[in-house]
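Take a look at the structure set out below.
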């Protein structure tokens, strides 16, 4: 079952790259008391993700902050090392927090997994964005397979 507006985000451990190496991000703690723009994508370093999805949120980070968003979180079923390297390559800095859902636990829990085996990618996340307020989904934008039309930064900014 796919997560819906009004649902609480699942409590799982994600991972982010820190100066000391991979560090845990417990979703129940991270989302508590915050407004967070989350966007998920099939994979770091992939064409649409690298050319459009992540750069849009990096470029518009100040606009999100001005509209009351405390954090922007980019999620992918990759490992923390890949997400850290991709963040550096994309100059995400502290504008967007890149998190790894290495085992796909969050992705499965929200019901937004994608079978990328035909492309040699295994199980991945669908492309989507959601606004989470104090752990509860208030906006959800799931893309049709192969599309990039509703999960972009501009669409989410309009929803704030």
>> Name the residue that is surrounded by the fewest Cβ atoms within 10 Å (Cβ to Cβ), counting only residues in the range 140-160 that are in contact with a helix residue (DSSP H, G or I) (Cβ under 6 Å, 6 or more places away or on another chain) and assigned to a loop (DSSP other than H, G, I, E, B).
In response: 148
> How many residues are at negative phi, under 15 Å from the mean Cα position of the chain (by Cα) and not in a strand (DSSP E or B) if we restrict to the range 110-139?
Replying inline: 4
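Those residues that are surrounded by fewer than 23 Cβ atoms within 10 Å (Cβ to Cβ), touching a strand residue (DSSP E or B) at 6+ places or on another chain (Cβ under 7 Å) and within 24 Å of residue 113 (Cα to Cα), I need them from the range 32-52; list them, please. Let's see the steps before the verdict.
Looking only at the range 32-52, we keep the residues that are surrounded by fewer than 23 Cβ atoms within 10 Å (Cβ to Cβ), and these are 32-36, 42-43, 45-52.
Then drop every residue that is not touching a strand residue (DSSP E or B) at 6+ places or on another chain (Cβ under 7 Å), which leaves 34-36, 42-43, 49.
Answer for the range 32-52, where residues must be surrounded by fewer than 23 Cβ atoms within 10 Å (Cβ to Cβ), touching a strand residue (DSSP E or B) at 6+ places or on another chain (Cβ under 7 Å) and within 24 Å of residue 113 (Cα to Cα): 35, 36, 42, 43, 49.
Scan 80, 92 and give me the residue that is under 23 Å from residue 141 (Cα atoms), in contact (Cβ under 8 Å) with a residue 12 or more places away in the chain and surrounded by 18 or more Cβ atoms within 10 Å (Cβ to Cβ).
92
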> Out of all the residues in the range 13-28, is one or more more than 13 Å from residue 106 (Cα to Cα), part of a loop (DSSP other than H, G, I, E, B) and touching a strand residue (DSSP E or B) at 6+ places or on another chain (Cβ under 7 Å)?
Replying inline: no
>> Report every pair of residues separated by at least 6 positions or lying on different chains whose Cβ atoms are under 6 Å apart, first residue within the range 96-109 and at positive phi and surrounded by fewer than 20 Cβ atoms within 10 Å (Cβ to Cβ), second at pLDDT 95 or above and part of a loop (DSSP other than H, G, I, E, B).
In response: 104/77
>> Can you go through 54, 75 and tell me which one is at pLDDT 95 or above and in a strand (DSSP E or B)?
In response: 75
>> All but one of (1) touching a helix residue (DSSP H, G or I) at 6+ places or on another chain (Cβ under 8 Å); (2) within 24 Å of residue 28 (Cα to Cα) hold for residue 63; state the number of the condition that does not hold.
In response: (2)
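The values are calculated or read from the model by the stated rules, or taken from the named source; none is laboratory data. The structure displayed is predicted, hence computed values, not measured ones. A quick note on method: Cβ atoms are made from the backbone with ideal geometry, for glycine too, and the neighbour counts reach across all protein chains shown.
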